[in-house]
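Presented below is the structure to which this report refers.
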Amino acid sequence: MTELRLESLGYEQRLRAADLVVRPGETVGVVGPNGSGKTTLLRCVYGTLAPSSGRALLDGADLHTMGPKARARRVATVPQESAGEFDLTVRELVALGRSPHKRFWEGDTAADRAAADTALARVGIEALADRPYPALSGGERQRALVARALVQAPDLLVLDEPTNHLDIRYQLEILGLVRHLGTSNLLALHDLTLAGAYCDRLYVLKAGEIVAEGTPAKVLNAELLATVYEVEAEVIPHPRTGTPLVVYLSGPPGERDSSAM
């Protein structure tokens, strides 16, 4: 099992001295307002940005001293929901996840195709294997991207807003799927109630700095929401699961003041 450790990770002014740990098998969420540095942090982990300070360590190995192919064998990324620009079938798209394990000129082998089919079955879209990827619904596209990541056989799965633009059914399905994959997972989320339900621990970013860390029950509270998000809210336990539910009572302070006049 794999551990990710960020030590004083920084990127220019967008991320400052971030310390973060994803323990083996954990699902860890990064939350915060727009522009807080969530995507920057993830990009420093999966390699599209080189940090200007600090280190990202995977089982003690610095991710940024690895070559792109070596890093891709260990870290798989699921980006924000794609608009469907891939002119490929679903099976062809998923099979691309085997690329880090092959030479540039190698085609797909029977083993590669079998791995793709296994991943498609694991995410529940094996019946869509021969359909064009752009023809899929938003939830189906996200499942296909998760399957492509699984075919990489990663140690760490990094997901940037995996529920973005999805209706609630697909949000629950995607997060439930990720939660039970058995990989170590790091994901950025906007919805705090979903983050509380599906993450083992949360890190809260504000203006490029981590301002809180811990279990969802510890982190999500009215004071933090007022300080970080500038909204008035209550946090109550879910009646069945006990996970925190965020109930928003009003908008930003300016709106509260004007509505009271």
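So, in segment 93-111, of the ones that are closer than 23 Å to V178 by Cβ and not aliphatic (A, V, I, L, M), which residue ends up surrounded by the most Cβ atoms within 10 Å (Cβ to Cβ)?
Within segment 93-111, the match that is surrounded by the most Cβ atoms within 10 Å (Cβ to Cβ) is G97.
Looking for something touching a strand residue (DSSP E or B) at 6+ places or on another chain (Cβ under 7 Å) and under 19 Å from G242 (Cα atoms) - is there at least one such residue anywhere in segment 182-193?
Yes, because at least one residue in segment 182-193 is touching a strand residue (DSSP E or B) at 6+ places or on another chain (Cβ under 7 Å) and under 19 Å from G242 (Cα atoms).
L93 - would you say it is under 22 Å from R73 (Cβ atoms), in the same structural domain as D59 (by TED's automatic domain parsing) and touching a residue at least 12 places away in the same chain (Cβ under 8 Å)?
So L93 passes the test.
Quickly run through segment 224-249 and pick out the residues that are outside any strand (DSSP E or B) and either among the aromatic types (F, W, Y) or exposed (fewer than 12 other Cβ atoms within 10 Å of the Cβ) (or both).
Y229, P239, R240, T241, G242, L249
Listed residues L194, L145, L181; which is surrounded by fewer than 24 Cβ atoms within 10 Å (Cβ to Cβ) and either in a helix (DSSP H, G or I) or basic (K, R) (or both)?
L194
Taking the residues in segment 112-134 that are within 14 Å of L88 (Cβ to Cβ) and in contact (Cβ under 8 Å) with a residue 40 or more places away in the chain as candidates, determine which candidate is surrounded by the most Cβ atoms within 10 Å (Cβ to Cβ).
Applying the filter and picking the extreme gives Y133.
Among the residues of segment 44-69, which ones are part of a helix (DSSP H, G or I) and either free of Cβ contacts under 8 Å to residues at least 24 places away in the same chain or not assigned by TED's automatic domain parsing to the domain that holds H101 (or both)? Steps first, answer last, please.
The first filter runs over segment 44-69 and keeps only residues part of a helix (DSSP H, G or I), leaving 44-46, 63-65, 68-69.
Scanning segment 44-69 gives L63, H64, T65, P68.
Would you be able to say whether some residue in segment 128-138 is at pLDDT 85 or above and closer than 24 Å to T27 by Cα?
Checked against the condition, which is being at pLDDT 85 or above and closer than 24 Å to T27 by Cα, segment 128-138 yields no hits at all.
Give segment 59-92 a look and list any residue that's modelled with pLDDT under 90, surrounded by fewer than 11 Cβ atoms within 10 Å (Cβ to Cβ) and of a type outside the set (A, V, I, L, M, F, W, C), or say none.
Scanning segment 59-92 gives G67, P68, E85, D87.
Evaluate the following for L9: is it closer than 11 Å to L205 by Cβ and touching a strand residue (DSSP E or B) at 6+ places or on another chain (Cβ under 9 Å)?
So L9 fails the test.
Taking the stated definitions as given, is E26 among the acidic types (D, E) and crowded, with 18+ Cβ neighbours inside 10 Å?
It is true that E26 is among the acidic types (D, E) and crowded, with 18+ Cβ neighbours inside 10 Å.
Count, please, the residues in segment 64-78 that happen to be more than 23 Å from L93 (Cβ to Cβ) and either in contact with a helix residue (DSSP H, G or I) (Cβ under 6 Å, 6 or more places away or on another chain) or not aliphatic (A, V, I, L, M) (or both).
3
The values are calculated or read from the model by the stated rules, or taken from the named source; none is laboratory data. Quick caveat, the model's predicted, so the values are computed rather than measured. Cβ sites come from the backbone with ideal geometry, for glycine too, and all protein chains shown count toward neighbours.
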